[in-house]
Each structure stands twice: as structure tokens, then as C-alpha cells.
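The next block holds one structure in the form of C-alpha cells; read it before the comments.
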Protein chains: 4
Amino acid sequence: MSHNTFGHLFRVTTWGESHGPAIGCVVDGCPPGIRFTLAEIQAELDRRRPGQSRFVTQRREPDEVRILSGVMPGEDGETLVTTGTPVSMLIENVDQRSKDYGEIAERYRPGHADYTYDAKYGLRDYRGGGRSSARETATRVAAGALARKIVPGMVVRGALVAMGEKEIDRANWDWDFVNDPENPFFTPDRQSVAVFADYLDGIRKEGSSVGAVIEVVAEGVPAGLGAPIYAKLDQDICGNLMSINAVKGVEIGAGFSAARLRGEENADEMRAGNDGQPVFMSNHAGGILGGISTGQPIVARFAVKPTSSILTPRRSIDRSGREVEVVTKGRHDPCVGIRAVPIGEAMLACTIADHYLRHRGQTGRV
Amino acid sequence: MSHNTFGHLFRVTTWGESHGPAIGCVVDGCPPGIRFTLAEIQAELDRRRPGQSRFVTQRREPDEVRILSGVMPGEDGETLVTTGTPVSMLIENVDQRSKDYGEIAERYRPGHADYTYDAKYGLRDYRGGGRSSARETATRVAAGALARKIVPGMVVRGALVAMGEKEIDRANWDWDFVNDPENPFFTPDRQSVAVFADYLDGIRKEGSSVGAVIEVVAEGVPAGLGAPIYAKLDQDICGNLMSINAVKGVEIGAGFSAARLRGEENADEMRAGNDGQPVFMSNHAGGILGGISTGQPIVARFAVKPTSSILTPRRSIDRSGREVEVVTKGRHDPCVGIRAVPIGEAMLACTIADHYLRHRGQTGRV
Amino acid sequence: MSHNTFGHLFRVTTWGESHGPAIGCVVDGCPPGIRFTLAEIQAELDRRRPGQSRFVTQRREPDEVRILSGVMPGEDGETLVTTGTPVSMLIENVDQRSKDYGEIAERYRPGHADYTYDAKYGLRDYRGGGRSSARETATRVAAGALARKIVPGMVVRGALVAMGEKEIDRANWDWDFVNDPENPFFTPDRQSVAVFADYLDGIRKEGSSVGAVIEVVAEGVPAGLGAPIYAKLDQDICGNLMSINAVKGVEIGAGFSAARLRGEENADEMRAGNDGQPVFMSNHAGGILGGISTGQPIVARFAVKPTSSILTPRRSIDRSGREVEVVTKGRHDPCVGIRAVPIGEAMLACTIADHYLRHRGQTGRV
Amino acid sequence: MSHNTFGHLFRVTTWGESHGPAIGCVVDGCPPGIRFTLAEIQAELDRRRPGQSRFVTQRREPDEVRILSGVMPGEDGETLVTTGTPVSMLIENVDQRSKDYGEIAERYRPGHADYTYDAKYGLRDYRGGGRSSARETATRVAAGALARKIVPGMVVRGALVAMGEKEIDRANWDWDFVNDPENPFFTPDRQSVAVFADYLDGIRKEGSSVGAVIEVVAEGVPAGLGAPIYAKLDQDICGNLMSINAVKGVEIGAGFSAARLRGEENADEMRAGNDGQPVFMSNHAGGILGGISTGQPIVARFAVKPTSSILTPRRSIDRSGREVEVVTKGRHDPCVGIRAVPIGEAMLACTIADHYLRHRGQTGRV
């Protein structure tokens, strides 16, 4: 079933394709009395917006968000206050150019969802990739901007930690640098910029593409969110990050490397904090034990595959079953993982906001 | 919220703790007319059952499943036929020994959910780990045995591909060997048995533990299951695998390694098959493109952390905030990843069964 | 939780308030390949539209619907074809006049949700009744227009059968008359028009209001939709009709009068039809037995209370707890039940469409 | 889809048929720390239990409930404390006598779900009515007994207010009399006992049956539960009451009679209470305005049809489409509405408990 909703109490429903008049989302279940400004939402959208460097698609979309429901004006004329009813947000598509997509109406692009759309629906809206277009993710970022306001004191940040064969040096990690105007990659490692730039220029010029790994971190999350199984906080984080286009793997804390550790290395020891709460000596758990938050930073990583929209000719078939070659022209990101950073942050923020409300509902403890 | 249900149309709700009188599950939404035998369900449970080698916990549980509802007897006196109403399955706990757990009532075991349970619920049933006990997973396996019957022609198998620092040689992959009585590890590589046995004996004797990586594969899945976003087949597979205790990472197809590939390496090329369907030249996608199944084998992997129940003393605190040392006695798996193989298969089978029904519901196309 | 979604597979999420820039809905899970025209959607909206006679509110809203996603153009330039992705529909609010609502910002109107909004949310968007405004129902009608296309051969119709103390004569029932331009009441009884007109003119001139009973009927619904309990077709019909503003009671078939019948009167006897299917001798069941459709017409009725927006002064309190009198000026329907007819039809259509897909999903039998 | 779950945060899943070994339910999402005794659950079950007077079925079922999970023993050895994990409750079927049901394997009983089961599932477990058996409702009562504990101060009671053509005199309403051992009807009117007894004896001796109307009332419900639309408290109450077997109509407060009222009669006026909260002068709203609780008693009524299991021969067809006559022997309630009283209370309690948690989740206000 094509169910375009995620979350249980803080629920986000998104709609829209890249070629239509607009895209949007409905955020339902937002607590009443949350205060925010349109500028705050827009600022998050601007981080994801295409066309900001030579390393991302040159599609020109202002991505101006409108809020159509669910808010009242605050006293200062700028602040908006949620009323507890659905918040509908809409972003117009400006730069559609659906003519770019003529050839792929008939040919299945390798690595894309063209064939599977036909297999599922028996028809396919070939104009711009339909729902699979990365454009849909703008609505997640808008919803996430609201989600950031739900848990008092929570800060959600993300960074690109690997691009293709190149990785950052974690010793250089500097959160302040991630959103620096000089940083087109959301990398936390200033030294990596030149490396990534050279590397990606080469790939771009070859008409190729490359994948990436993104790390997202939520600090200030109270202990107790989640559940032992099935509604595990890590389960929902993983599922929601996996719902982003092109993501092929997700991990929490030590993640796959935990499989190589021994029990005494992996388990995070505790000492007594001043407030009777534990102080953890490490964070292999990524802030989640038994599906429930520990109060440590929540740490997740996800792998984005290289976009399959490349200039190199690839073998495929068309809708009639004839063998063809496909070259994907158009305006594409050589590394779609770059712009996945604010998207991953948004999904993490939405997931935790939802669990915060669920925890409050069941236990009344926050 | 402690919601112990997964799936939309094929829905599984599980209940029970390791120390109580029984555990069980309710499988709701099963199509009517599905034929199976109790022996088939039991055979899957027997694969997960503890006490079958020195490499797994010595807890003695027969794990005999009873079916309490939702079926009619078939003509032959052995076959059961689903009626379309909820199938309730129950497994009694026989070997409880709750006295083993006395000390941990007060002390938070590092790496376990003890502290987070208290943080969430304000109280904790310390007898056997509560819902976080691996014992709960028996009910998933029972549900999965039924799920295997839903999609005609589907075969779901799994194997352990890495244990701690040791990996299998994929060149030796032999599905037939996985369930061989000589194979206590569910490894597909006959050569690896001696390696894993030596390695794990060492770890076990040191009172330590180690993690593992499991691969699960579903063959015979029709193209078209899933959705472009939010109800992506890979998203639900990942979330559901992540819901298994101790899992810290999940990936599909090339997974994290896709981040290191270029577009032309990663995208699976297609040639025309005899039936007009594509023949894919590779399967980096793991059988899923744009969230929708391609008809290729679905391939997922997940990482299981080492159990934190080890004999090495670890620093922690108790419920009063006092600093203590914790040693976890009792009967524990030195590598919980081994018995995770049939559990992972079950979760994969349940997820695909659910998507099969959802796809049929929305499109009427299967 | 303010969850503004209904349906499981055919899911409708609505958003918007009467005072904001727009209202809308997202229809998710619509099967691909459904063909319709914008004119068909608009025609349903026009039936619900205010301002069409002196008996309904004089608010002037063109209620022009725009479709923003989820469709492709058909071959003829007019037909739209659903793609299987979310269909977003938007209706602008034109005639807002929020100044009309000044006084009620502070005073709780008896019979309205003013006090309960404050009790729930701690704040209240007093401009036009917020989500409780009847304006929201336009989006249900739009969704229902699409739902009508899902079940092949299904026809959903509705009629007003009582207004205040006046009832129709069922012997005069004429479906063709319901939508006659001479009929401002959706009554199926031509004789009743003059009676209702006189009656309602009197009520309107007194600044009062009155309730109504609506009957909705779905024909052409295949036998087998629904479930024995919890997902009973009648349960979902009742819940969804009850979700309409101002509805205070719902019944199926003989409904409350069934409580006064004996078993032999109430149970509908069956004779053999030509096709091996039963021919029912009566329809006290309203087309649903044990929660599952029988193939007979589905018949439901719902009671709409009189609007509480009246000119007669009523005693109440304000937000500070002071005792006040309230007179509700503004443009109000003297009988909100009239325009509830197309809304009830829409909710019935959506409910059955959802169950049709659910039935197909679980059983594969349609 | 056969989804046997209701509720969002306080979720109840039931399973089982009357002819199988047992029936049961899983209550998921129950807050931790709720204290209760098994005797309290059993006391509610005993009120619904068959065989307690000549006016109800003579089936002999002790209906002893076992609790299999989700609780810890309290300090006193009798109290149980919920842990926040799923509470599984099981009731064995003792008096099955499936031989009673031989004939109806082939013949469709008029008024029963026999034909519709076949239409839905293509097969039917004819032994005892399957899920449609009133026996399933025992599990609802068990879940409801737990739900009564969730909202501090809430008291849920019910009474039979009409049986066939006979009604109680509301002037005689005495809650204390409802559960009096001398009262086999749950009537609140002592005078009505003789009337009902004579009436029902006549019906029973004729081998007939009759319907009833039940009223359920929840007091002590805080203002603010529910939502303006779609998650309206009255909507969920109505849907959940409608999910009870044989219910054909549901209403809130003035209900259907509200349709005959004028606005000034129907709207409940308010005066200032001592605490700044409103004192309502009447309760036509049934404690719910705009879908949200007012703090007044919640009042709902539902109509139960006469059971179709009667001795009078009725015309029908069999599975082969042949015309037959059907007489339903066996042990049946001449008025199934009587035992519906505790069932209706349970559904009301579960619904409000769920909304209490949802309200707390979204708003944090209770």
C-alpha cells in the first residue's frame, strides 16, 4: 500500500511529485502552543535547496514554504503558534522542465525505480521520477523543522562522514564548520573539503556519481523514549532513515562494527553522575539500550548509494522488453548524499518527537 | 508507546516475558485457506531453540507451540486451514529459574536495558530481562513460519556470514549446509565451522561474548511489492530486522558498501528475459529499487552486537545511584547472533507477506 | 491525539480551517489507473456548496478544487488517471470575514466546541470554529468523489428523511427528485418540499435552528466486505459518519427499531436467486450481517443536531469564568443537516472503498 | 481486513472462537504501575457470564481468566502491577459441545453471518459462530476491567433501558439496583423487573427472541479528551460500541432525538462553577462537544437486535443454493441485550482510557 505517512502521534503525511504544481506535507498531532517562525522553517529548507554549489543539481527551486493551516499568529506578528490541528505546508514547484524526461518514458533506467513502478502500478508517471524524486524530501525537511521544537532542549545535527572512497578524519570534527558557507559538503572536517572537492569534480566531469555516508546526532534527548521491542526507538529511526530515497543501510552507535566487538568492549560502562543519573564512559550504544533512549546522544548513520543518473551508457530494456542503452541526461547531483544531511536530520527529529509524545502518552513521565 | 504489533495487513502482535508462564503471538489478517501443519511451525521453532550445542544458552525449553484459534482441521487430520480470523499461538515457559536473576534487580547491567527500563517505566520486571529477553523471539519465528505460506513460491533462508573478527568465504556458499546437523552456526561455508568453533570456544571460556552478521534472502518474490517512499519494502524490512533484540545495523543489497561505489558500478544493468521481464546482470540493489521489489532475490544483512551478559566485571551503578561492579552469571549465548538466523528469516517472511497483501489490496495485481 | 486521517488502505487525511487561506485533503492508497475528471469532483462539491438557497448559510465560496498530485493526464485532455501515489486536493477559502467572529474569542458559545477546545489545547483559534467548522467537510466530499470510482458498479446516494419534527413519507421516495433543482432539501419526497420550506422559514425567521436525519444508501456493493468484529463494515461506517460535525447518532438497517423487533421479524429470510446467490426477502440488516456485506444495499442513517449558532440569547461563561449571555450572529445554516447529505454519501463511499481494498488484500477474492 | 485490534495507545487485540480451546486478548500500551487484582478482573467477567438466570443462555462457562504477561506481583501477594508491556489474558472454553452445530454447517441461518462468512472467506468455521460468537465479548470485558483503572476517578456503569416493546421509567433510575442479585436484567428501574420477566418468559417460551437498548455512562472523565474531527471521542465510542455483535445503532447524549430539537433546546447552557469551570444546566451533548469531553458524564446508548437463533422455522438457502428451512436449536439468549451491559461498559472504558493517553501524549495536559 502506498501509505505516505510516518509517525504515530507526531504524524507526517507527504504528497507531490517533482513535475506537478507543488509538493507538500501535513503534520498532524503537533502539540498545541509550539512557537516558531516561518523563517526557521525556511532556513532548514534552504540548507537542502538545490543549486547552491557546483556539486549539486542545478535545478533552480526557491523552495518557499507556505503554511496553510494549524497555526495562529503570535503577539509579535512574526511568531506562529500551533493550535494542535493539522499543519499543512506547501512548496510550489517552479523549475519543472518536464521535457527533460522524454526518453525515459519508455526506457527503464538501471538503478532507478522505472521498471518497478511499472511492475507495481501497471503505469508510471515518468515525468521526473514521480514520488521517488529527491524533490519530495523538501517536505520532510519542513516537517522536521517543526519537529525540532517538540522536545525541549533537543538539538539535532548531521554531517557527511564519507563520500565514495574518501572519509573524514573524526579527529577534526567541528560541528560549527558543518554549515559554514565555505563548506559545500556538510563535512565536519575542514581538511576534507579540498579532498572531497577534487574527488567529486573528477567524478562529475566523468559524468559519473558516487555514494556517501551521513551521520546524524540528537543531543538533549531524555532517557526513557522508545520501547523494548517493535516500537524500539532505534527501529523507528532506522525505518525512517531508510525511507529516504537511495538509502541502502542504516546503523546505530557502533552499528556494523559492533558485530566485531567483544561484550566487554561493546557494553558502555556507567559511573554515578551528580544527579543520580548514570554517566556513561562510552557510547557504543548510540544512545539507545534495549530500544530505549539512555540520555546520551542518539547517533545514527546511513549509506546513500550513488545516483543512477549518469552519462555513461548502461544496458537496459524498454517497456516493450527490447534491449536498449540508456544515458541519463538532465540536471543531477553527482553525490546525492550531500543534500541528504538535512533530510536525515529531519527524519531523526520527527522520529524522536513522535516517541516523546508516545512516551508521555503511555507513562505521563515527561 | 509499547506497541507490540508489526505489519499492516499481515499483523503480528507478540506478548510475554521469559519468566512468566508463557509467551505467544496473535497473527491477524492471515488470508483464509492457508494450509499448514503444526509440525511445520514446530520445525522452525526447533531451529531457534536453545540448548542444541555448547555454543548457545543451556536453558532447556521444549518450545512446543499450541495453536488456540483461527484454524480448522483439514481433511487429513494433520493439516490445518486458516479461517481468516486471528491465529493465536502460545508457547509455555518451562525452564524459568528466576532465582538466577536476583542481583540484577538492583544493579544496572552495562549494555542491557536495565537502566532504560527504569527510566521509561519507573519500575522494571528484572526477572529475565522482561520483553528484551531473546525468548520473545520464539514467537516471531512461529509467526514467520505462517508467513512463509502466504506468497506462493517464496523461499526465505538465512545464514551467519560473520562472527566477531571472522568471516565466511562467500565462494564456499552452500545453502544446503546451513541447516546441516554438523553445523552449529548456520554458516553457509563448511570450511568456516572449525574456525568459528575454535574462535567461539575461546570467547566462551573467557566468559566473554561476540557479535555477528546475518544475511537473509527471500527468493521467489514477485516484482511490484513495496512503495516508492514511506512504505518502501526495504524500509519495512530494515525496521523489522532492527526490532530484533541486539541488532545495531541493517542493510539491503550492497548496503554500506554502495556508498563507496560509483553510479555505473552500482546500478544493475538489465537484459531482456524470455518472458519480457528483465534479467538483471547483478543485484547490488538487493532486489529492491525505489522501495519496490524487482523480482530478484531480496537480500538483507543485519549486525548483532555481542551480548552484554559476560563474566568480566564491569563498572556500573545501582538503582540508588551507587557505583558498583556487575558480573552477569546465568546461562547466556556467547554469540546471540547464531540463533538470530531463524529470527531474521521470520521477520523477512512476515514483512514480505504483509507487503504482498498490501500490494494486492491497492492494485489487485497479484 | 488529533489524528485527521481515516481509512486503512484508502486513507484520507484532511487539513484546514475556515479562516485560513485554504483547506484540503490527501487521498493516499488510491489504486492506480482510476479514471475521473475534475468536473466530476467539482460536481460533488457543488452539491455541498453554501449559498445555493435561502435555507443554507449565505457564505459565498466557489469551492473550486485543484488537484496537486497523484494523477497523470489521460489521452483526451480531460480525464485524469491516478498513478497510485497520494492525491492532494486543495480548495481556497475566499469568503473568510474573520471579523464576524470577534466576540466569541472570549465567550464560550453553548453547544459549540469553544470551551472544550480550550480544555483540550489550552488555546483556541476562535476564527470560524477551527477544525469544527462545517467548512472542513468540503474536503471529505472531494475525497468521496474519488472513492466512488473504486468499487466497480457501486452507486452511493443519500437523502434527508426528517427535519425537526417533520418527516418524509417513504411511500413517495424518488431518488431522481433528490438532486432536482427545485429541491433545496435533498428530500426524496416531492410532497415534503413545501412542508419543510414552511417549517424552516419559520425557524429561520425566529433566529433558531433545527436538526435532521439523513439516510445514505450504497448499492452494488459486493458481498464479503468487512469482518466479523472490530473491522466490521458497519462499525467503520458508523464511526466515519459520527466523525461528521454535529452528528449525534448513527444506525444501520433497522437500527434502533431493531431493538423493538422479535427474532423472526428482524432476521431477513433468503430464497435462491438465479445465480446461486441468495435473494433476501427484506433488508432489516441494512446490507450487513455479522459485520460483512450481504450484497444487498447498505443502508445507514445519522442524526444531525441543530446548529447552536442561533440568535436567541443563551447563558454561558467566558474564558475568565464570568457569566455572560451569548448571541451568535453571522451566516449560519438554520438546518446544517441539509448540506450533510453529500457529506454522508462521501463518508459512506470512502468507507466502502477502503473495505473493498482491504478485502482484496486479505482474501484476493475481488 | 480482519483486524482484531482497537485503540491507538491503549490497544486491545482479541482472538479466539467459541469452539476452540480458549479465547483471549492482549492489552498493549497499558501504562506501567497500574495496580489491580485478579479478583477485580474476574468480578467483571462474572457479570457477563452465561448461565446465571433462566433469561440467558445455559452454556456453562466458568470464564476464569489467567494473566500470562505484563504484570509483576505487588507487595501484598494479591495486587498485580502492570509493567508497561503487553498484558495477555486467556480464558479457557470449557463447555463447547460443537455437536450442537452440525446442521448449520450447510445451512445459512437467516440473520446470522453464515452466508457472509462464506462470501468473505470462501470457507467458514461453522462450529459456534466463529468470531461472531458472543463468547468473544468475554475478552473485551477482561480488557475493560483493566481500562477502568487508567483514568483516575473515572466510574463507568451501564444499564438496560429497553427490552423489545418495554421501557424502563427513568424516574425510577437507581444505579445501586443495577447489579442487585434480584435483578437479572441490569435494569436501573426496580419496577421493571417483573414487567421484563413476564415479557421475556413469554418470548422465551415461544422460542422467539427480542432486542434491547443499553445505556452506558462514564463519570469523572476530565474535560479535553478527544479531538474536533476524525478522532472525536464520540466517534470512537460509537465505532467501538458498534463493534459489539448484534449492535445496529449507537447514539450520544440526546442522540437521534436531537434531530427533533431546536438549537435553543439542544445547546446546554453554562453557569460559572466554583472552580472557574463551567456548570452545565443540562447534558443533551452527552458530555461531548465538538468531539471533546466537557467534564460532564459521557452518555451513550446502543441498540441490540434480537438474536436470530430462534425455534420458529425460517426460510433460507444452503451452501449449494438450495432452498431450505432453518430452525436454530441449542442454548441461546432470548435477549442477548441483557449480557451486553457489561460489554458496553468495557468498550466505553477502553475507549476513554485510550483517549486519555492520547490526550496526555499530544498535549501533556493531564
Minimum 10 Å² accessible area buried by the other protein chains, the range B:347-366 residues, probe 1.4 Å, relative to alone: B:L357, B:R358, B:H359, B:R360, B:G361, B:Q362, B:T363, B:G364, B:R365
18 Å cut-off, amide nitrogen to a point 7 angstrom out along B:D275 Cα→Cβ, residues in the range B:285-305: B:287-288, B:293-298
Loop GluC sites (Glu not before Pro), the range B:130-228 (other Cβ atoms within 10 Å of the site Cβ: 13 or fewer; DSSP): B:E165, B:E182
Nearest-to-axis residue of chain B, judged by beta-carbon position, where the axis maps B onto A, in Å: B:G239, 1
Accessible area per residue in Å² at 1.4 Å probe, computed on the range A:1-157: 30 Å²
Delta accessible area of at least 40 Å² on complex formation, residues of the range C:199-246, 1.4 Å probe, chain isolated as reference: C:P228, C:I229, C:Y230, C:K232, C:Q235, C:M242, C:S243
Ascending list, in nanometres, of distances separating the A:E265 label from those of the other copies (7 Å, Cα toward Cβ): 2.6, 8.1, 8.1
Stokes-Einstein translational diffusion, the protein assembly as shown - Kirkwood Rh over all Cα pairs, 1.567 mPa s, 4 °C, in µm²/s: 40 µm²/s
Segment D:E206-D:A171, length gained on full extension (0.36 nm per residue, minus Cα span): 9.4 nm
Mean-position separation - Cα centroids, the range C:1-26 and the range C:31-66, in angstrom: 17 Å
Shielded residues, the range B:3-20 - accessible-area loss of 40 Å² or more between chain alone and all protein chains, probe 1.4 Å: B:H3, B:N4, B:L9, B:R11, B:T13, B:W15, B:E17
Solvent-accessible area, 1.4 Å probe, carbon plus sulfur percent, for the protein assembly as shown: 46 percent
Interface area, A with B, accessible, probe 1.4 Å, both sides summed, Å² nearest 100: 9200 Å²
Computed [θ] at 222 nm, helices only, for chain A once each DSSP H run of length n ≥ 4 contributes -39500 (n - 2.57): -7000 deg cm²/dmol
At most 16 other Cβ within 10 Å, DSSP loop - GluC sites (Glu not before Pro), the range C:44-90: C:E64, C:E75, C:E78
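The values are calculated or read from the model by the stated rules, or taken from the named source; none is laboratory data. Remember, predicted model here, so these are calculated numbers, not experimental data. In this analysis, Cβ positions are derived from the backbone assuming ideal geometry, glycine residues included, and neighbour counts consider all displayed protein chains. Accessible surface areas use protein heavy atoms only, side chains included; no ligands, DNA or RNA. Shrake-Rupley method; radii C 1.70, N 1.55, O 1.52, S 1.80 Å.
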